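Working notes, structure below.
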Amino acid sequence: MMKKSESENSKRSRMLFAAGLFLVILAVFELAGIQTEKLQEETAYEKMMQAAAEDQTKTHAKTRGKDKTSSDKTFDYREWKIDFEALQSINEDIIGWIRFDYNGINYPILKGNDNEEYLDTLPDGTKNLAGSIFMDSLCASDFTDFHTILYGHNMKNLSMFGKLKLYRMKQGYYEQNKYFTIYLPDAVCRYEIFAWYEVQNEDSVYQVGFQDREAFDTFVEQMIQRRYRDTSVAADGEDTIVTLSTCSVKGKRFVVHGKLVG
C-alpha cells in the first residue's frame, strides 16, 4: 500500500510540474507577444510622424508617454505643421491629427466606414491591439458638426488615449493640459477642455445628430451637469464640441469634452 501511495504522489507531482511548466511557457509567449505588439505600435506611429514632418520627429519622441516638462513650455501649436499629402499617400483615411501641447497624445486621426475598422488596426493597415485614434463614422470629416466624437484605446502603457484617465486620477493634471489642437488639411482648430466623466457604453453622450442649436444646448447642459469638476469653463449650444472617448472599467467609458475656441 505504501508503494502505491508513493507512486500516486510521484505521478501527481509530475503532473503538477508539467502544468506549472506549461503556464510558465504560456506566460513567456504572452509577454513576448505583448512586447512585439508594443514595438509594432511604436514603430508604426514613428513612421507616421516622419511622414507628417521629418523635422518634428524629435519633438514627437520627446513627448510621447511623458507629461509636461520645463523644456516643453515653448511649444506653439500655431507653428506646428502636418504634411497631409504624405500621410494620405500612406492611408487616405487619415483626415486629421490630434495633439495635446505637452502630454504626449500626438496621433493621426482616421475615419473608417464604420466604428470597428480601426479598433485594432494601425494607420498603416497593420493589425494591432492599440488600434488608431478614429472619428465616429457618422461625423463630418471636417469637424463642422455640432458634436464630433473621437475614439482611442485606454492602453496600459498610457499610449493612445490612455492618459485621459489622468484628468480624474492625477491632481493638477488639468491645469497642465487644458487644451488640445486638431490639425486638418485646411485648418487648425484649438479646443479648451471643460468637462470629463465616466459613462455607460450606450450612453446618450454618443449622440452625433441634432435637429437644431436649441436641442444641442440641452445636450451640452447635461455635459456641464455631469462633469466631475467645475473647470469654470462655460459651454452651451452655440459651441462646437469634440468628445474624446476611451475605455474605462468593464461596461463603461471615460469621456473628455473640449469646445472650439479658435
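Each value in this text was obtained by applying a stated rule to the coordinates, not by laboratory testing. Bear in mind that the values here come from a model prediction, so they are computed numbers and not experimental data. With ideal geometry, Cβ positions are generated from the backbone for all residues, glycine too; neighbour counts draw on all protein chains shown.
So what's the range 165-215 giving for Rg/Rh, alpha carbon basis, Kirkwood Rh from the mean inverse pair distance?
Ratio value, two decimals: 1.05.
Amide H neighbours of GLY237 under 5 Å, at least 5 residues apart or on other chains, H built in the peptide plane: list them.
Residues meeting the criterion, in which the H sits 1.01 Å from N, are ASP217.
Using modelled backbone amide H atoms (1.01 Å from N, in-plane), which distant-in-sequence or interchain residues come within less than 5 Å of ASP83's amide H?
Hits under the 5 Å cutoff: ALA53.
Report the local net charge at SER132: Lys and Arg +1, Asp and Glu -1, summed over other residues whose C-beta lies under 11 Å from its C-beta.
For residues surrounding SER132, the net value is -4.
Distance in nm between label sites at ARG213 and THR126, each 7 Å beyond Cα in the beta-carbon direction?
The answer from the label model is 4.6 nm.
What order do you get for 107-114, 206-213 when each peptide is scored by the mean count of other beta carbon atoms within 10 Å, highest first?
Final packing ranking: 107-114, 206-213.
Using the crude model of +1 on Lys and Arg Cβ and -1 on Asp and Glu Cβ, and no other charge, please compute the dipole size for the range 138-196 relative to its Cα centre, in debye to 20.
500
For the peptides 253-260, 173-180, what is the packing order when you average, over each peptide's residues, the other Cβ atoms within 10 Å and list the highest mean first?
The densest-packed peptide leads the list: 253-260, 173-180.
Would you kindly calculate the translational diffusion coefficient of the range 110-262, applying Stokes-Einstein with the Kirkwood radius from alpha carbon pairs, for 37 °C and a viscosity of 0.692 mPa s, and quote it in µm² s⁻¹ without decimals?
Diffusion coefficient, whole number: 206 µm²/s.
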